[in-house]
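I have placed the structure first, in the form of C-alpha cells, so that the comments after it can refer back to it.
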Amino acid sequence: MCRHLGYVGPPVGIGELILRGPHSLYSQSWAPVDMRAGGTINADGFGVAWWRRADVGTEGARDAVTRYRNHAPIWTDPAVAEVLGQLESRSVVAAVRSATVGMPVERCACAPFTDEHWAFSHNGVVPDWRTTLVAVVADLREVCTTATLFDSPAVLLQAEALTDSAALWVLLRGLLGEIDPAGPVTSPADALQLLVATVLRYQPSARLNLLLGNGIQLWGTTCWHALSVLVTDDFAVLSSEPYDADPRWQSVVDHQLVTATPGHCTITALELPATERVRS
C-alpha cells in the first residue's frame, strides 16, 4: 500500500519534515514496519503538498496549496533534500507509494491529490474499484440530491489517473464541495464518514486509510492500515507510522475518524454499514 504524513503547526522545512526522525517517511519508503499485508516497500513514487500564503488583501482568501510529485522511488530524488529542504510551510501532506498490482506507476497516480486548498492521500485499496465506485456514485446521488456532480458515473472519468485513489479523490472532492450546515454534508469529517461508509457497503474488504488537509486542519480515517497521531500545544501530526520514539505518539485503532489541529485531537468511531460491523 502506501505511507503518508500530515503536519499542521509552526513553519517547518518541508524536506526536514520528510526526513525527520530515525523512522522518517523517507526511510519508511524502504523499511516500513507495519504494512499489514500491503506490500513490503513503497518504491512506486512519492509526493508532497504544502500551503503557501495567498495574496495579501484578497477578501476571504485561503492559503493556496502546491505540490511536488515523482513516480520514482523517493530515495532517488535529490530534490527532497536540495530543493524541498529550502522551502517552509505551516502545513504539509506527504506520501510514499506502493502501487497495487495492475495500477499504473506514473507521476499523476502519486498522492497527494490536490484542488484549491485541499490535499488528499489514500493508503489502501478498493478491490474491483471501477464497479464498486460506480455503485458508490449512485448512492451519493441519493444522499446529495442537489449535487449535479453525482448525476452520472462518468464523473469518475475526471480522475487524473486510472487508480482507485484518484477516483476516490474525485468523489471526496465532490462531497467537500457540498458542505452546507443545513445539508447532508456539514463538514469535512462528514464527507470522509459518508465516503468510507458508502464504499464499505459495496466492498467490505476495502482498505481506506484516508488523509485530508486544508492547511489549517487534518482529518484521517483508519480502515485496516496503521495510523498514529502526535499532538502538542504547537503542532499536530498524523502519520502511518511514528517517525521517532516520542512517548506522546498515540496509535489509532481500526475504524476511527481523526480530526487534529495544534493542541486538539478528536478520535471517534466511524459509523459502519451493517455488513462491515458483522465482518469486524
> R0 = 41 Å: FRET efficiency of Leu162 with Asp233, Cβ-based, nearest 0.05?
Replying inline: 0.40
> Roughly how many nanometres apart are two label points built 7 Å out from the Cα toward the Cβ at Asp139 and Glu16?
Replying inline: 4.4 nm
> Relative to the Cα centre, what is the charge dipole magnitude of region 210-280, using +1 at the beta carbon of each Lys and Arg, -1 at the beta carbon of each Asp and Glu, and rounding to the nearest 20 debye?
Replying inline: 260 debye
>> I need the Kirkwood Rh of the chain: take the reciprocal of the average 1/r across all distinct C-alpha pairs and report it in angstrom.
In response: 18.7 Å
> For the chain, what is the mean residue ellipticity at 222 nm derived from helices alone (per DSSP H run of n ≥ 4: -39500 (n - 2.57); sum divided by total residues; nearest 500 deg cm²/dmol)?
Replying inline: -6000 deg cm²/dmol
> When the distances between all Cα atoms of region 53-132 are binned every 5 Å from zero, what whole-number percent does each bin get?
Replying inline: 3, 11, 19, 21, 18, 12, 8, 6, 2, 0
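Taking the Cβ of each residue in Leu149, Leu195, Leu5 as the centre, tally the other Cβ atoms inside 10 Å and list the residues starting with the fewest.
Leu149, Leu195, Leu5
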> With labels modelled as points extended 7 Å from the Cα through the Cβ direction, what inter-label distance (nm, one decimal) is found for Trp30 paired with Trp75?
Replying inline: 0.1 nm
> Could you give the dipole magnitude of the chain about its Cα centre, charging the beta-carbon of Lys and Arg +1 and that of Asp and Glu -1, in debye to the nearest 20?
Replying inline: 420 debye
> Using 0.36 nm per residue, how much length does the chain from Thr146 to Ala37 gain when fully extended, once their Cα-Cα distance is taken away?
Replying inline: 35.2 nm
> Given the options Gly124, Gly183, Gly220, which has the most mean-square fluctuation in a GNM of the chain, springs set between C-alpha atoms less than 10 angstrom apart?
Replying inline: Gly183
>> List the trypsin sites (Lys or Arg not before Pro) within region 190-280 that DSSP assigns to loop and that have no more than 11 neighbouring Cβ atoms inside 10 Å.
In response: Arg248
>> Per 0.36 nm of contour for each residue apart, how much would the distance between Asp128 and Glu82 grow if the chain were fully extended, relative to their Cα-Cα spacing?
In response: 12.6 nm
> What do the square roots of 5 times the Cα gyration tensor eigenvalues come to for region 13-109, in whole Å, largest first, as semi-axes of the equivalent ellipsoid?
Replying inline: 27, 16, 12
>> Connecting C-alpha atoms closer than 10 Å in a GNM of the chain, tell me which of Glu160, Glu106, Glu116 has the biggest fluctuation.
In response: Glu116
>> Using +1 at the C-beta of Lys and Arg and -1 at the C-beta of Asp and Glu, which of Ser89, Ala111, Tyr202 has the Cα lying farthest in the positive direction of the dipole of region 2-279?
In response: Tyr202
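Readers should treat all values here as calculations from the given coordinates under stated rules, not as data from a laboratory. Since this is a predicted model, take the numbers as computed values, not measurements. Neighbour counts are summed over all protein chains in view; Cβ atoms, including those assigned to glycine, are modelled from backbone coordinates with ideal geometry.
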